[in-house]
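Enquirer: Dumping the structure here so I can ask a few things about it.
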Amino acid sequence: MFRKFRLSCLLIGLSFFSLHSVAAPSAKDAEGHEWWQHAVFYEVYPRSFADSNNDGIGDLKGITSKLDYLKDLGVDAIWLTPCYPSPQVDFGYDVSDYVNIDPLYGTLADFDGMVSAGKKRGIRIIMDLVVNHSSDQHQWFLDSKSSRTSAHRDWYIWRDGKGPGQPPNNWISIFGGPAWTFDAQTGQWYYRIFYSGQPDLNWRNPRVEKAMFDVARWWFKRGVRGFRLDAVDTMFEDPKLPDNPVLPGTSKYGDPNMDNKYNTKLPELHGVLQRLRKAADQNGAVLIGETWTKNIDELKLYYGGGSRELQMPMDLMFTTVNKLSAPEFRRQIAAADGSGGWPVYVISNHDIMRSYNRYGDGEHNDQIAKLMAGMYLTLRGTPIMYYGEEIGMENNDPKRKEDVKDPVGRVGWPVDKGRDGERTPMQWNDSANAGFSTADPWLPVPPSFKTRNVEAELKDPDSILQFYKHLLILRRQDPSLREGEYIPLSEDRPDVVSYLRRYKNQAVLVVLNMSGTEQKVSFDLAKQGFSGGKATTLLTTLSTHPKEVPLAAVSLEPFAVYIAKVTK
Ligand code: GLC
Ligand code: CA
């Protein structure tokens with residue numbers, strides 16, 4: 001009863017806020033925060049979201065048909081992974097035309113329809129800009145490889161080999177094997193840090209920069225409100241091509257381990273990103289980075305220090321904590337929160353095993369899925385969800401090598417089964433193929449879709465989906481969760497993560513039990529200015545649904561989430 005009442009109150013707040021945010025899209029709030037700082041982002045993998053024409057592959061009209069679902073969930077912006085024309089060697093991350101839509105996914109008219117349908121619902125569209133490389137079928141590359149003197153020759157990185165059959169240096173592809181492909185026609189090698197069908201663009205050529213910035217402006221004009229910049233770490237290489245230092249051991253592909261000193265994270269890339277930021281600023285757009293940094297200092301560089309660079313470089317270090325470790329999460333959160341930039345929290349994406357499997361213990365997976373949500377959706381910063389995470393979708397890895405679609409899985413089999421498992425169709429209902437398509441989908445859904453789907457979870461008040469919805473409503477409504485500072489608590493506890501989000505004279509307390517045993521925590525928040533001895537529950541997974549708890553003795557069931565208001 002109490003829960004129902006609370007939800008309807010919260011929903012009233014929700015509709016008010018969305019109307020407000022649609023009316024004033026680029027306005028800053030009282031804290032000087034911009035739209036993307038309070039938006040909840042949601043990554044959509046277009047091949048796998050919804051299939052409107054039943055050919056087994058998701059498409060833009062499919063996405064448009066699900067915007068009401070996303071709005072109802074509490075999503076403000078969707079990041080679409082690439083849907084440009086592409087030979088699909090790397091499922092769209094090999095772009096053969098940056099200013100069009102692949103017929104697999106629809107047309108530019110479908111795209112415009114999606115943008116305007118999004119606008120009506122206060123949902124912004126973010127595209128994926130694949131800056132490091134194009135497809136080898138892009139006109140630029142076709143011309144580039146046609147002769148050593150072609151107009152686009154210098155748009156890519158061509159070099160002579162060290163000798164017959166020997167690449168120019170020892171650089172290794174992220175997808176395995178040498179990072180060079182020989183072109184017999186012109187007798188030179190081209191550099192590609194990913195697949196051979198993904199030649200690296202030469203960003204030292206100002207014409208490349210101009211062409212890619214024109215692409216960005218072209219999409220801004222079409223209503224795109226930002227980009228997720230793919231593989232930015234790899235944009236520049238040392239033009240002298242020195243061999244990289246070799247490290248002990250071999251990779252999962254059997255290559256020598258290597259410090260990618262001369263072909264990743266070169267300082268020149270920051271200049272490009274800062275110039276791109278100017279174009280983004282002129283369009284009220286946000287730049288999100290796929291930034292695989294080793295430490296927080298590297299991440300800080302992407303914010304630009306004194307210069308304006310990426311508003312939202314993703315803290316992907318967060319996704320490398322692969323166990324429920326309170327000290328490790330505290331350390332990561334403190335680092336991101338103290339970076340000086342606006343934190344960006346991600347727990348899974350199309351390249352990483354789903355969080356449901358990474359953190360689940362096989363027994364309490366649903367509780368743990370709620371626990372993870374209870375953490376990353378209540379931190380100071382912007383969360384980026386991954387489609388299906390909100391229903392607790394699990395990985396469905398291929399069982400046989402011949403079923404693998406992802407090139408990474410074909411090279412890495414069986415050690416690395418590739419990324420198909422985390423890219424399976426969204427599970428909408430319990431009909432064939434989880435309601436994604438009436439045709440056989442490009443990747444199979446796991447048998448668990450029968451109960452693990454949107455329709456079923458909407459009916460179940462205790463589902464992961466309902467928990468996400470409640471959380472997102474809370475986030476939207478409560479200024480402490482939107483604006484408040486992050487104050488870590490219980491820092492000596494090995495199994496409990498807890499913190500205060502304090503905003504002016506209000507605060508929200510978040511307590512998370514990261515263990516399978518009951519935990520008791522005692523809080524004295526007088527020092528933080530909140531001496532009221534009790535907490536008023538906002539949202540919890542505790543089976544007793546207490547309305548209030550004494551701060552001196554907060555009891556948490558295994559993997560429980562407790563979120564409450566505290567008072568002065
Ligand atoms: C990024 C993408 C990944 C892709 C790679 C090459 O890491 O997220 O899916 O394979 O870039 O474009
Ligand atoms: Ca389709």
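Enquirer: Mind checking the dipole of the chain: about its Cα centre, +1 per Lys or Arg Cβ, -1 per Asp or Glu Cβ, Debye to the nearest 20?
Expert: It works out to roughly 1440 debye.
Enquirer: Could you go through the stretch 108-124 in sequence order and give the Karplus-derived ³J(HN,Hα) for each residue, using 6.51 cos²θ - 1.76 cosθ + 1.60 with θ = phi - 60°, rounded to whole Hz, and x for Gly and Pro?
Expert: Going residue by residue, I get 4, 5, 5, 4, 4, x, 5, 4, 6, 5, x, 4, 4, 9, x, 10, 8 Hz, with x marking Gly and Pro.
Enquirer: If DNA, RNA and ligands are ignored and the probe is 1.4 Å, what is the ranking of SER307, SER65, SER86 by accessible area, most exposed first?
Expert: Putting SER307, SER65, SER86 in descending order of accessible area: SER65, SER307, SER86.
Enquirer: Can you run phi through the Karplus equation (6.51, -1.76, 1.60; θ = phi - 60°) for the stretch 464-481 and list ³J(HN,Hα) in whole Hz, with x for Gly and Pro?
Expert: 4, 4, 5, 5, 4, 4, 4, 4, 5, 5, 4, 4, 5, 7, 9, x, 5, 6
Enquirer: Can you compute log10 of I(q)/I(0) for the stretch 333-428 with the Debye formula, treating each Cα as one identical point scatterer, at q = 0.14, 0.18, 0.21 Å⁻¹?
Expert: Reported log10 I(q)/I(0), two decimals: -0.61, -0.87, -1.03.
Enquirer: Further question: Which of the residue pairs LYS71/LYS210; LYS28/LYS71; LYS240/LYS265; LYS61/LYS399; LYS252/LYS294 have a Cα-Cα distance greater than 25 Å in the structure shown?
Expert: Pairs exceeding the cut-off: LYS71/LYS210; LYS61/LYS399.
Enquirer: Once you charge only the Cβ atoms, +1 for Lys and Arg and -1 for Asp and Glu, what is the size of the charge dipole of the stretch 48-91 about its Cα centre, to the nearest 20 debye?
Expert: Once rounded to the nearest 20, the dipole reads 60 debye.
Enquirer: Per the helix-only calculation at 222 nm, which mean residue ellipticity applies to the chain, given -39500 (n - 2.57) for every DSSP H run of n ≥ 4 and division by its residues, nearest 500 deg cm²/dmol?
Expert: -8000 deg cm²/dmol
Enquirer: Something else about it: Considering all alpha-carbon pairs of the chain, what whole percent are spaced by more than 35 angstrom?
Expert: 38
Enquirer: Now a separate question. Using a 1.4 angstrom probe on the protein heavy atoms only, line up LYS370, LYS221 by accessible area, largest first.
Expert: Per-residue accessible area, sorted high to low, gives LYS221, LYS370.
Enquirer: Continuing with this model, one more query. Cross-link partners among lysines for LYS520, C-alpha distance below 24 Å, same-chain residues fewer than 8 apart left out?
Expert: LYS323, LYS370, LYS534, LYS547, LYS565, LYS568
Enquirer: Under a cut-off of 19 Å between alpha-carbon atoms, report the aspartates and glutamates in cross-link reach of LYS119, not counting same-chain residues fewer than 8 places apart.
Expert: GLU34, GLU43, ASP59, ASP68, ASP72, ASP76, ASP110, ASP128
Enquirer: Charges only on Cβ, +1 for Lys and Arg, -1 for Asp and Glu: so what's the dipole of the stretch 341-443 about the Cα centre, in debye to the nearest 20?
Expert: The dipole of the stretch 341-443 has a size of about 300 debye.
Enquirer: Just how much of LYS210 is accessible, in Å², when a 1.4 Å probe is used and the result is rounded to the nearest 10?
Expert: Counting only protein heavy atoms, the figure is 120 Å².
Enquirer: Separate question: Considering the dipole of the stretch 193-240 built from charges on the beta carbon (Lys and Arg +1, Asp and Glu -1) around the Cα centre, which of PRO206, SER196, THR234 is farthest to its positive end?
Expert: PRO206
Enquirer: Also, I was wondering about something else. What is the stretch 462-568 by shape, rounded, prolate or oblate, if you read a ≥ b ≥ c off the alpha carbon gyration tensor as root eigenvalues and call it rounded for a/c under 1.5, prolate for a/b larger than b/c, and oblate otherwise?
Expert: Verdict is oblate for the stretch 462-568.
Enquirer: Related question: How much length would be gained if the chain were fully extended between SER146 and VAL321, taking 0.36 nm per residue of separation minus their Cα-Cα distance, in nm to one decimal?
Expert: 58.4 nm
Enquirer: Could you sort ARG501, ARG358, ARG275, ARG159 by accessible area so the largest value comes first, with the probe set to 1.4 Å?
Expert: ARG275, ARG159, ARG358, ARG501
The values are calculated or read from the model by the stated rules, or taken from the named source; none is laboratory data. What you see is a predicted model, and the numbers here were worked out from it, not measured in a lab. With ideal geometry, Cβ positions are generated from the backbone for all residues, glycine too; neighbour counts draw on all protein chains shown. Areas reflect the complete protein model, heavy atoms only, side chains present, ligands, DNA and RNA absent. Shrake-Rupley method; radii C 1.70, N 1.55, O 1.52, S 1.80 Å.
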